[in-house]
There are 2 protein chains.
Amino acid sequence: MRYDLPSDQIPTAWYNALAHLDEPLQPPLHPGTNEPAGPDDLAPLFPMALIEQEMTAAPWVDVPGEVLDILRLWRPTPLIRATRLEAELETPARIYYKDESISPAGSHKPNTAVPQAFYNKSEGITRIATETGAGQWGSSMAFAAAQYGIESKVYMVRASFEQKPYRRILMETWGSECVPSPVDDPSSPGSLGMAISDAVRDAGGRADTHYALGSVLNHVLLHQTVIGLEAKEQLALAGETRPDVVLSSHGGGSNLGGIAFPFMEDDKVRLLAVEPTSCPSLTAGEFKYDFGDEAGLTPLLPMYTLGSHFMPPSIHAGGLRYHGSSPIIAALVKSGRMEATAYPQSKVFEAAVLMARTEGKIPAPETAHAVRGAIDEALAAKETGEERVILFNYSGHGFLDLSAYDAYNHGQLVDEG
Amino acid sequence: MRYDLPSDQIPTAWYNALAHLDEPLQPPLHPGTNEPAGPDDLAPLFPMALIEQEMTAAPWVDVPGEVLDILRLWRPTPLIRATRLEAELETPARIYYKDESISPAGSHKPNTAVPQAFYNKSEGITRIATETGAGQWGSSMAFAAAQYGIESKVYMVRASFEQKPYRRILMETWGSECVPSPVDDPSSPGSLGMAISDAVRDAGGRADTHYALGSVLNHVLLHQTVIGLEAKEQLALAGETRPDVVLSSHGGGSNLGGIAFPFMEDDKVRLLAVEPTSCPSLTAGEFKYDFGDEAGLTPLLPMYTLGSHFMPPSIHAGGLRYHGSSPIIAALVKSGRMEATAYPQSKVFEAAVLMARTEGKIPAPETAHAVRGAIDEALAAKETGEERVILFNYSGHGFLDLSAYDAYNHGQLVDEG
């Protein structure tokens with residue numbers, strides 16, 4: 001059963017979690033001086049509108065009309081009650097998922113790529129440089145840049161560039177230039193940290209170019225709150241007063257923040273982060289200041305982190321490879337407002353296949369972590385006989401990640417240690 | 001701008017084009033005797049409910065509740081007005097497309113795979129054998145079989161099985177067994193005709209197994225009419241009295257019939273088939289009885305055909321490789337009720353990229369033919385200054401067909417001689 005909002009009920013303001021934290025966030029620190037970083041430090045890389053959003057205490061931030069015009073290509077996204085999954089689990093819980101997979105790029109990432117492209121264009125920037133791992137973020141930025149007629153260049157981790165050409169083709173189809181990273185060492189397989197360095201150097205060296213990031217930062221999570229804001233309206237359409245638990249997968253924090261933040265003021269709603277045991281920043285990381293990238297070019301942010309040189313084991317196929325976390329998510333976990341749990345990949349793909357065979361949908365491996373979390377919440381409700389209302393974010397489809405399913409289907413995915 | 005129907009406004013009866021033809025169709029002929037084939041001839045391969053649907057004169061056929069329960073996983077699909085494409089074309093036309101790409105398998109094919117699986121299960125069949133080329137149909141049947149807990153085995157053209165593993169992985173994830181065809185000659189690249197033979201032989205040899213076909217047959221097109229029936233309601237929501245032209249890509253005819261048939265009784269609505277110049281059955285084929293497959297195992301049907309041994313040139317990347325056509329589509333073209341046009345692939349991919357850069361969506365190469373047709377209808381309206389209302393079927397996404405885009409983006413797609 002699907003609950004749709006009409007095109008004219010797309011949210012017109014973003015929900016700012018910063019305004020609702022119990023304590024203000026610790027400030028970002030300049031990577032060179034370790035002193036608090038101000039707007040001027042970020043100005044070479046980001047437009048002023050985004051820098052303001054990074055720091056604003058306003059409870060709501062208006063979405064520009066020119067952004068709404070593009071978001072309406074696929075938003076509002078559907079809220080779907082997973083009745084066939086519920087039946088399979090024989091649970092009294094009601095499971096709802098917000099389907100972000102229908103966006104042009106197939107994930108939630110365009111929700112922030114579009115306003116980022118817009119604000120850059122508004123301030124006279126005609127070119128964006130960014131990095132991408134497997135390509136989710138790079139393809140979203142390529143799409144968004146095309147909508148505003150600006151150029152984009154994406155530095156893609158070389159191993160993915162060579163082995164997973166599909167999202168590179170998406171980027172090129174949308175008119176973006178995509179190159180393997182590191183640019184100066186064709187023998188290196190690359191890493192996200194190296195690709196960030198390539199993109200930051202590109203943006204730093206050209207006046208017409210800014211940098212863009214797809215997760216972690218406050219303004220990125222702000223833009224993703226359209227997910228939770230729509231879900232709230234749609235749950236009301238479904239006759240639900242509130243969800244008992246809102247959960248999603250956790251990598252850099254943007255899809256989780258997007259669905260969870262609009263519920264954070266309601267103490268009766270549990271918030272839950274689901275991460276891989278292979279990259280357990282919230283469940284096994286340390287809370288401290290750390291760099292966002294491997295090379296130490298970004299400001300230091302207060303976060304749960306596994307260390308900026310952390311690499312998940314090579315057997316890990318499930319995405320969510322970021323060593324750290326968004327400062328806002330970290331603050332919510334630290335204060336106890338948000339819970340976190342971790343799963344090995346065998347349990348994650350088992351859940352993904354159950355979703356595929358009941359609801360028909362093949363989730364991205366990242367998204368499958370949320371599916372696992374939702375199923376276990378539903379099974380817990382079955383134990384206690386509770387009518388628990390579960391809301392999770394279906395952050396993206398798996399059509400471009402099928403090789404991981406192939407490995408799972410043929411018994412070739414093993415768990416760590 | 002998107003026009004959604006709520007979940008409870010899914011069509012509850014299919015529109016039967018057979019009841020609205022000016023003249024009855026010529027009957028199928030038995031491949032051995034050349035005599036009209038009756039229900040008994042088809043009974044080893046199909047359930048009786050589908051054989052009845054193949055021949056019924058009833059104007060409407062009820063959709064079983066158990067089928068609606070599954071279709072509701074993604075239906076009704078959105079109707080979207082392509083305002084950004086219109087603006088790019090500077091056309092006074094209004095372009096609407098029906099988005100069938102959001103189905104679990106990413107195309108319109110599950111609309112018939114689901115009822116086919118249901119009717120088979122209802123008559124005690126526990127296993128379905130079918131064939132697939134690149135995998136659109138096979139993955140849809142794998143999905144549908146999983147929903148009803150029956151087995152499926154898909155014979156996949158060996159060249160695709162080896163070079164395009166993604167839809168094979170989809171099928172396996174949904175629990176289907178997928179094998180390369182021909183099964184008895186590992187050195188052959190295979191063909192759709194050979195795969196049909198493998199599947200028909202499988203089904204003919206086992207009492208628990210039936211065969212299933214994804215296009216061409218009357219009952220298949222019947223099931224696809226949910227597309228046009230929904231679109232009619234949604235155009236009314238958009239304030240349109242009627243479309244001036246309804247068009248789609250033409251391969252075997254199922255997605256075209258699905259969107260066009262519900263408009264066939266209104267003489268003010270033009271109907272248009274769009275096919276590749278590399279496989280021009282309607283625009284350059286002969287109207288006659290022909291086999292559905294290469295091996296001559298199927299009944300002979302009256303159709304426009306290029307001959308059952310026809311193979312498109314190897315440069316052709318755009319799908320729609322079927323040599324023949326559905327008898328109903330053929331009858332409409334023959335009587336002049338439906339027009340047909342053909343495009344070379346360079347024009348088709350040019351249109352696809354324009355769609356990607358304006359509306360954000362990357363169509364399947366098959367679907368891109370419809371996009372091309374819609375764009376040219378809009379440009380014609382611009383010439384004459386008409387407010388033409390154009391409706392086309394966006395039959396599937398291109399996420400699993402990106403290698404063709406890669407070739408186009410890098411100038412490696414050429415047109416036929």
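The values are calculated or read from the model by the stated rules, or taken from the named source; none is laboratory data. Treat the numbers as computed from the prediction; the structure is a model and nothing was measured. Note: ideal-geometry Cβ built from the backbone for every residue, glycine included; neighbour counts use all protein chains shown. All accessible areas refer to the heavy atoms of the entire protein, side chains included, with ligands and DNA or RNA removed. Shrake-Rupley method; radii C 1.70, N 1.55, O 1.52, S 1.80 Å.
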**Accessible surface of the stretch B:84-127 [probe 1.4 Å, protein heavy atoms]: carbon and sulfur percent** = 46 percent
**Message:** I'd like the distance separating the alpha-carbon centroids of the stretch A:318-372 and the stretch A:96-130, in whole Å.
**Reply:** 22 Å
**Complete:** Rounded to the nearest 10 Å², the 1.4 Å probe accessible area of A:Phe287 is 60 Å²
**Item:** Centre separation in Å (Cα based) which lies between the stretch B:299-313 and the stretch A:170-184
**Value:** 42 Å
**Item:** Listed residues A:Glu100, A:Glu339, B:Glu90 arranged by accessible area, highest first, probe 1.4 Å
**Value:** B:Glu90, A:Glu339, A:Glu100
**Prompt:** Where the only charges are on Cβ atoms (+1 Lys, Arg; -1 Asp, Glu), what is the dipole of the stretch B:182-286 about its Cα centre, to the nearest 20 debye?
**Reply:** 120 debye
**Prompt:** Comparing the chain by itself with all protein chains present, which residues of the stretch A:149-176 are at least 40 Å² less accessible (probe 1.4 Å)?
**Reply:** A:Tyr166, A:Ile169, A:Leu170, A:Glu172, A:Thr173, A:Trp174
**Most mobile of B:Gln116, B:Gln345, B:Gln147 in a GNM of chain B (Cα contacts under 10 Å)** = B:Gln147
**Nearest-first distances (nm) between copies at B:Gly32, label 7 Å from Cα via Cβ** = 8.7
**Prompt:** Per residue, what accessible area does the protein assembly as shown have, given a 1.4 Å probe and all protein chains present, in Å²?
**Reply:** 34 Å²
**Prompt:** Residue separation times 0.36 nm, minus the C-alpha to C-alpha distance between B:Glu177 and B:Arg337: what's the value?
**Reply:** 53.4 nm
**Item:** At 7 Å out from Cα toward Cβ: B:Ser314 inter-copy label distances (nm, ascending)
**Value:** 3.6
**For residues of A:399-411, the mean tally of beta carbons on other chains within 10 Å** = 4
**Request:** For the protein assembly as shown, just the Cα set please: Rg and Dmax, both in angstrom.
**Result:** 26.5, 90
**Message:** I'd like the orientation of helix B:110-122 relative to chain B: the angle between its Cα long axis and the longest Cα principal axis, in ° from 0 to 90, rounded to 10.
**Reply:** 30 degrees
**Asked** Excluding ligands and nucleic acids, what accessible area in Å² is computed for B:Ser7 using a 1.4 Å probe, to the nearest 10?
**Response** 10 Å²
**Message:** Could you tell me the calculated FRET efficiency between A:Asn34 and B:His410, based on Cβ-Cβ distance and R0 = 45 angstrom, to the nearest 0.05?
**Reply:** 0.45
**Request:** Quick one: work out the % antiparallel among DSSP beta bridges in chain B, nearest 5.
**Result:** 35 percent
**Asked** Ranked by accessible surface with a 1.4 Å probe, highest first, in what order do A:Tyr408, A:Tyr97 come?
**Response** A:Tyr408, A:Tyr97
**Asked** Mind checking the dipole of the stretch A:317-417: about its Cα centre, +1 per Lys or Arg Cβ, -1 per Asp or Glu Cβ, Debye to the nearest 20?
**Response** 220 debye
**Request:** Sum up the charges of everything whose Cβ sits under 9 Å from the Cβ of A:Leu400, counting Lys and Arg as +1 and Asp and Glu as -1, but leave A:Leu400 out.
**Result:** +1
**Prompt:** How would B:Glu377, A:Glu88 line up by accessible area, probe 1.4 Å, largest first?
**Reply:** A:Glu88, B:Glu377
**Request:** List the residues whose amide H sits under 5 Å from the amide H of A:Arg270, counting only those 5 or more places along or on another chain, with H placed 1.01 Å from N in the peptide plane.
**Result:** A:Val245, A:Val246
**Request:** Could you tell me the distance between the Cα centroids of the stretch A:15-72 and the stretch B:230-291, to the nearest Å?
**Result:** 50 Å
**Paired Rg and Dmax values of chain A, which use every Cα atom, in angstrom** = 19.8, 61
**Complete:** Expected field for A:Val183, accessible surface area in Å² at 1.4 Å probe radius, rounded to 10, holds 80 Å²
**Asked** Any idea what the relative contact order of chain B is, in percent, if you count C-alpha pairs under 8 Å spaced at least 6 apart?
**Response** 19 percent
**Request:** Please list B:355-363, A:394-402 highest first by mean number of surrounding beta-carbon atoms within 10 Å per residue.
**Result:** A:394-402, B:355-363
**Item:** For the stretch B:274-417, the fraction of alpha-carbon pairs in successive 10 Å shells from zero, as %
**Value:** 12, 36, 34, 16, 2, 0
**Request:** State to the nearest 20 debye the size of the charge dipole of the stretch A:252-354 about its Cα centre, where the only charges are +1 on K and R beta carbons and -1 on D and E beta carbons.
**Result:** 120 debye
**Item:** Links that overshoot a 30 Å alpha carbon limit, given the list A:Lys232/A:Lys288; A:Lys153/B:Lys361; B:Lys361/B:Lys382; A:Lys268/A:Lys382; A:Lys153/B:Lys109; A:Lys98/B:Lys268
**Value:** A:Lys232/A:Lys288; A:Lys153/B:Lys109; A:Lys98/B:Lys268
**Complete:** Rounded to one decimal in Å, the inverse mean reciprocal Cα-Cα distance for the stretch A:1-125, i.e. its Kirkwood radius, is 17.6 Å
**Item:** Accessible surface buried once A binds B (1.4 Å probe; total of both sides; Å²)
**Value:** 3900 Å²
**Prompt:** With Cβ to Cβ distances under 15 Å as the rule, what net charge do the other residues near B:Thr384 carry (K, R +1; D, E -1)?
**Reply:** -3
**Prompt:** Considering only DSSP beta bridges whose two residues both sit in the protein assembly as shown, what percent are antiparallel, to the nearest 5?
**Reply:** 35 percent
**Item:** Helix-derived mean residue ellipticity, 222 nm - over chain B, DSSP H n ≥ 4, -39500 (n - 2.57), to 500
**Value:** -11000 deg cm²/dmol
**Prompt:** What are the distances, in nm and sorted shortest first, from the label point of B:Ser188 to the label points of the same position in each other copy, with each label point placed 7 Å from Cα along the Cα-to-Cβ direction?
**Reply:** 5.2
